[in-house]
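The block underneath contains the structure these notes are about, expressed in structure tokens.
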Amino acid sequence: MKVSGMLVIAAAAVVSLLAQADVTLEKARRKETLEGDLKAAIALYAKAVSEAKGNRALSASALIRMAECHQKLGDAEARSIYERIVREYDDQKDAVSLARVRLGQTAPVQVARGDRPVWTGPEVDIFGRISSDGRYLTYVDWYQTGNLMIHDMLKNTDHALTSNKSWKEGTGQASYSSISRDGKHVAYEWFRNETSRYELLIAQLEGTSISTQRVLVSNPEIRSARPFEWSPDNKWIAVHITRVDNSTQIGLVGVDTGALKIFRSVDWRGPSNMAFSPDGKFVAYDLPQSDTESNHDIFATAVDGSVTTKLVASPADDLIAGFSSDGNLLFASNRNRDMALWSQHWAGSKTTGPPVVIKSDFGYPWIHGLTSTGALYVTKNVSDWDVHFAGVDLDTGKLRGTPVAAQRFPSRGRADWSADGKQLLYVDCSQFGGGPCVMTVRNMETGQTREVRPALHYMGFPRWSPDGRSMLTNGRDLKGRQGVFLIDAATADTRLIIPGRMAVWGWAPDGKRFYYGLRGKVTEWDLESGKQRDVIQVRTDAYSVTVSPDGRYVAYLDQESTLNVAPLDGGQPRELLKVERPEHLVNNVVLSWVRDSSALVVTKRLTAQPGHLGGPRELWLVPLSGTARKLDLDVSNWDVLSAVGPRFSPDGKQVAFMAGKRGMEVWALESFLNRPAAGR
Amino acid sequence: MLFFLSVVIPLGLDLYLPAPEDNPVTSDKIELGRRLFSDTRLSRDNSVSCASCHDPERAFSDGRRLAVGAFGRVGRRNSPALINRGYGRSFFWDGRTRTLEDQVLLPIQDRNEMDLRVEEASARVGIDSRQMAHALASFIRTILSGNSRYDRFVNGERSALNEEEQLGLQLFRGKGNCTACHVGPTFTDEQVHNTGVAWRNGTFADEGAGLGRFKTPTLREIARTAPYMHDGSLGSLDEVLEYYNSGGRKNPWLDAEVRPLHLTEVEKKALTAFLKALNGS
């Protein structure tokens, strides 16, 4: 009895240790990917290895991640860890294959069969596509330069394909891109600052650099030409064209001539993905079911435009993933409630036979395309980023009570307090930040919430009117028009006030006028008459422009990390706070005016790693007259370094902020390759 | 949806011209439809055909304020131009049908139009109603207008529009807010809107699709299809622009997109010039 009792205790201890190893591994992963603290991550991975004594899969996985951290640090230790994996973990085939690849012992990346994360970190985005050999993924450097980038999965290195030195010194910015089937070219959208529109370019890809490049599509009538997949013969690229009148079309662009073949006018939101059939004679794509629906159906159109067939139609959301290496149509669908990956036989011009589920736990990832071996590359949103709110005492710097989480996912935040501080609004959008968006209004006295669904696809930064009866927001409506919209808070009735891309910078206290602008000019708009007048010009490089609730001042930050304030009735701007590099003031888009418009709260970052979300930060209370002082608030767990910074209520007694895990991971999905193919 | 291409698609229109799977466009059906379109036997008194109100010389409209049918009966609405209807998603001024096949037989039966039962029409021309509908719909799918100076301009021929027309195009998309409804290659959103035209003396003279809403007509060939609006109440493009410039006729259900535009005389002239550039070749 004693012996068996001891065995039970020992077994329980092992189970507990293994569970602990899982926790430690997750902590290490967060430390590596979300906080970017590689040294701390290495220590945690090592701890996970020691805790996972009986779990060789977990142990091998931790070692791989640890080696990757060393690799990022340029540390030779990476090699010895990979060698250890090859030597000691021959039962862990995926890990050994990967280690061998990293050691340069084998060429192809596509050795392992299974679903696995292949790239994590703040750089991961949704704008690129995977190369046919699964080695390269294009993306955009959103943090420092706006360049088109390429990530090498084999070497875990990143290279710029365009030549901006920084955002400020660049000629524009990259957007969506796609690598040719033969890996020799990349097509990419480039927003040219000079013309304020996108062009579609093509460049020769040589490993991780490009040589010659030329313009494929550049037309003042075309706002953007988003590239999807290349045809199997690399002569055509499937594109989604958006014209300046907001109408959109799908078609092909010729790689040699740039000639456009427009198949079909479509809803302005366009397809989420387009893919060529294996013989290149059809292009399959998904489209929203109607102007007011978010769910999609899947179609195929012959490349000469002669035939269009509805391939997949159900009331559910059906999204095309592409064509498998054995020629079947792959699509994601939530027809059985959860989003799964389905396969259906493709018969040359249409689908036949019943679709079958080949991966039930697909979720809602962003699809980067399939490789020639059939692996599907996707980005998963692994955030639990959420709005939190709490009472606050600006004098003592203490929160009054524990912050409450809104429990809304995926949240965009963009919180705004009503003038009386009794209502808080915030915005939730789709997995990857775009529309459709929903606004939630929370009554701070009762805790009750209600959804406001204006006739908008996307909401920028909604702002309460002084009387709490309406909101203004920049955004995009269901016809695809951008502009400033007025929303009735009770009925959600929505009216386009000003077409065009611009921001709402504040309300006049009488609620009959508001201030909006773009590039420094503050313009007043009279809601009743529709008349407008330019009120003041702030610096053209100003950001976080915000009008005070009493309508007397406009505050803004400038490139020199200075907080300025200028009277709206004229007069010279003056500096309220200036910080010296490496410190800088953070662009939170909307500044918080507090204490009856007598002070502002701004975010100061203490280190100079532009863009990345880690590093120490402080909040400062800056009065219009008097001395600025650091608030004694612990904001280490708050996301205050992004566009969605903390928002204090006008009296400064409440605060809403974003917190939680924020990140995306690129996954290679291969587990479904072993499933039975779709029937005919 | 399936379509066997036997029609040349002009510049500016989608290559894919939709047709139902059970009615692919064929040259035989187009030809039969063309003959039926001009066949006066389809009206009770043998006096009018489809072409009587949809005259090819007038971009398939008729130049009258209101349509005139069999026995000289005057209808209650203006004859719409049958331009690019193959791309349509709703038909008639009130958008009450969803396919051309459903649409084409209804005027034959309408008392104020051709006033003939379908069975009798079939007997007169010797083909069944389904064939008749398929043929007429197929023919109407071939009525296409594109390759206008506007189309050439947006496809890169930047001299195809003169300066005044280019200003008009800017106004059309911007201050004029015309693209709120007249959008895309066919210049219609295929939706119904209350622009106030039917509002008379505190009530709707015609409810249209309900609450005074009528379908957005195409603007292609607009210079050739006067008079305008569902009731033909505005005789010229200038009158139409003046109507919208003033914010339409106010009523409780006026579409939010219709509001005073504050266009100057120069701007109105430019908009008119642009609209005339929508005539195809």
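For the range A:588-615, filtering for residues that are open to solvent by 50 Å² or more (accessible area, probe 1.4 Å) and either hydroxyl-bearing (Ser, Thr, Tyr) or modelled with pLDDT of 85 or more (or both) leaves 3. Annotation for the range A:298-318: no member residue is under 25 Å from residue A:666 (Cα atoms) and open to solvent by 30 Å² or more (accessible area, probe 1.4 Å). The set of residues in the range B:94-114 that are more than 14 Å from every other protein chain (Cβ to nearest Cβ), open to solvent by 30 Å² or more (accessible area, probe 1.4 Å) and in a loop (DSSP other than H, G, I, E, B) comprises B:96, B:99, B:110, B:111, B:112, B:113. Residue pairs whose Cβ atoms lie under 8 Å apart, sitting 6 or more positions apart in sequence or on different chains, and linking a residue in the range A:641-660 that is open to solvent by less than 10 Å² (accessible area, probe 1.4 Å) to a partner that is of a type in the set (Ser, Thr, Tyr) and part of a loop (DSSP other than H, G, I, E, B), are A:655/A:649; A:658/A:642. Counting only strands (runs of 3 or more DSSP E) wholly contained in the range A:485-573, the ones carrying 1 or more residues that are within 14 Å of residue A:470 (Cα to Cα) and open to solvent by less than 30 Å² (accessible area, probe 1.4 Å) occupy A:494-499, A:503-507, A:513-518. Before we move on, is residue B:68 over 30 Å from residue B:14 (Cβ atoms), away from every other protein chain (no Cβ under 14 Å) and not hydroxyl-bearing (Ser, Thr, Tyr)? Taking the combined requirement at face value, the residue satisfies it.
The requirement of being small (Gly, Ala, Ser), modelled with pLDDT of 95 or more and in contact with a Phe, Trp or Tyr (Cβ under 7 Å, 6 or more places away or on another chain) is satisfied by residue A:177. Select from the range A:391-413 the residues that are within 14 Å of residue A:633 (Cβ to Cβ) and of a type in the set (Lys, Arg) and write down the one among them that is modelled with the highest pLDDT. Taking the candidates together, the pick is A:400.
Whether any residue in the range A:313-335 is within 14 Å of chain B (Cβ to nearest Cβ) and either under 28 Å from residue B:8 (Cα atoms) or out of contact with any Cys (no Cβ under 9 Å at 6 or more places or on another chain) (or both) is what I want to check. Yes, because at least one residue in the range A:313-335 is within 14 Å of chain B (Cβ to nearest Cβ) and either under 28 Å from residue B:8 (Cα atoms) or out of contact with any Cys (no Cβ under 9 Å at 6 or more places or on another chain) (or both). Based on this model, can you work out whether residue A:59 counts as within 19 Å of residue A:118 (Cα to Cα), modelled with pLDDT of 85 or more and among the polar types (S, T, N, Q)? Yes, satisfied. For the range B:22-64, what are the residues that are open to solvent by 40 Å² or more (accessible area, probe 1.4 Å), polar (S, T, N, Q) and not in a helix (DSSP H, G or I)? Once the filter is applied, which keeps residues that are open to solvent by 40 Å² or more (accessible area, probe 1.4 Å), polar (S, T, N, Q) and not in a helix (DSSP H, G or I), the range B:22-64 yields B:26, B:38, B:46, B:47. Only a single item in (1) open to solvent by less than 20 Å² (accessible area, probe 1.4 Å); (2) farther than 17 Å from residue B:142 by Cβ; (3) small (Gly, Ala, Ser) is not met by residue B:19, and it is number (2).
Quick check on the range B:151-172. Is at least one of its residues more than 10 Å from chain A (Cβ to nearest Cβ), under 19 Å from the mean Cα position of the chain (by Cα) and either open to solvent by 50 Å² or more (accessible area, probe 1.4 Å) or farther than 30 Å from residue B:67 by Cα (or both)? Yes: the range B:151-172 contains one or more residues that are more than 10 Å from chain A (Cβ to nearest Cβ), under 19 Å from the mean Cα position of the chain (by Cα) and either open to solvent by 50 Å² or more (accessible area, probe 1.4 Å) or farther than 30 Å from residue B:67 by Cα (or both).
Scanning the range A:228-272 for residues that are within 14 Å of chain B (Cβ to nearest Cβ), within 17 Å of residue A:188 (Cα to Cα) and of a type in the set (S, T, N, Q) yields A:242, A:257.
Inspect all residues belonging to the range A:279-289 and state whether any of them is under 24 Å from residue A:265 (Cα atoms), more than 31 Å from the chain's Cα centre (by Cα), open to solvent by less than 40 Å² (accessible area, probe 1.4 Å) and at pLDDT 95 or above. Among the residues of the range A:279-289, at least one is under 24 Å from residue A:265 (Cα atoms), more than 31 Å from the chain's Cα centre (by Cα), open to solvent by less than 40 Å² (accessible area, probe 1.4 Å) and at pLDDT 95 or above, which makes the answer yes.
Beta carbons closer than 6 Å, at least 6 apart along the sequence or on distinct chains, pair a first residue in the range A:417-443 that is at positive phi with a second that is crowded, with 18+ Cβ neighbours inside 10 Å and at pLDDT 95 or above for A:421/A:649; A:421/A:654.
Every test in (1) at negative phi; (2) among the small types (Gly, Ala, Ser); (3) in contact with a Ser or Thr (Cβ under 8 Å, 6 or more places away or on another chain) is passed by residue A:270 save one, and that test is (1).
Could you tell me whether residue A:275 is open to solvent by less than 30 Å² (accessible area, probe 1.4 Å), within 12 Å of another protein chain (Cβ to nearest Cβ) and of a type in the set (Gly, Ala, Ser)? For residue A:275, the condition - open to solvent by less than 30 Å² (accessible area, probe 1.4 Å), within 12 Å of another protein chain (Cβ to nearest Cβ) and of a type in the set (Gly, Ala, Ser) - is not met.
Search the range A:126-161 for residues being more than 18 Å from the chain's Cα centre (by Cα) and open to solvent by less than 20 Å² (accessible area, probe 1.4 Å), and hand back the single one that is modelled with the lowest pLDDT. So the residue we want is A:153.
The values are calculated or read from the model by the stated rules, or taken from the named source; none is laboratory data. Computed from a prediction, not measured in an experiment: that's the story for all the values here. Note that we place each Cβ from the backbone using ideal geometry, even for glycine, and neighbour counts take in every protein chain shown. These accessible areas exclude ligands, DNA and RNA; they are computed on the full protein's heavy atoms, side chains included. Shrake-Rupley method; radii C 1.70, N 1.55, O 1.52, S 1.80 Å.
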